[in-house]
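To start, the structure itself, in structure tokens.
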Amino acid sequence: MEFMINNSLFTKGIILGFILPFLSFLIYSQVVLDGDIISFYLELKKMDVHTHVMSLCTFINIVPFLLLVRYKRDQSAKGILMGTIILALFVMINKFLF
């Protein structure tokens, strides 16, 4: 039973690790371009800075990660770290292949 609880916390951490960067990108697009997220991404891609912005949006995961480590929620912190690593790999692949 404990494994299922830890696995659930890990999964919630991964989900949080994916949602926070997306929300930060969404908020950034609202502030800069008044809401049209697709045209904003295409404009960033045209300027060839889309991977820079995606990397900066992934950086927001450090706040919940450090809070979870401080309060001994290691499984959730591992999930956030795993989500961040997956997003970093996505950004690297996007940078070098596209």
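The values are calculated or read from the model by the stated rules, or taken from the named source; none is laboratory data. Computed from a prediction, not measured in an experiment: that's the story for all the values here. Glycine gets a Cβ as well: all are built from the backbone with ideal geometry, and neighbour counts include every protein chain shown.
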Please go through region 59-79 and pick out each residue that is of a type in the set (S, T, N, Q) and either outside any helix (DSSP H, G or I) or within 16 Å of the chain's Cα centre (by Cα) (or both). Asn61, Ser76
Options Leu56, Leu42: the member that is touching a helix residue (DSSP H, G or I) at 6+ places or on another chain (Cβ under 9 Å), part of a helix (DSSP H, G or I), at pLDDT below 90 and closer than 18 Å to Asn94 by Cα: Leu42
Across region 10-22, which residue is surrounded by the fewest Cβ atoms within 10 Å (Cβ to Cβ) among those that are touching a residue at least 12 places away in the same chain (Cβ under 8 Å) and within 16 Å of Met54 (Cβ to Cβ)? Phe22
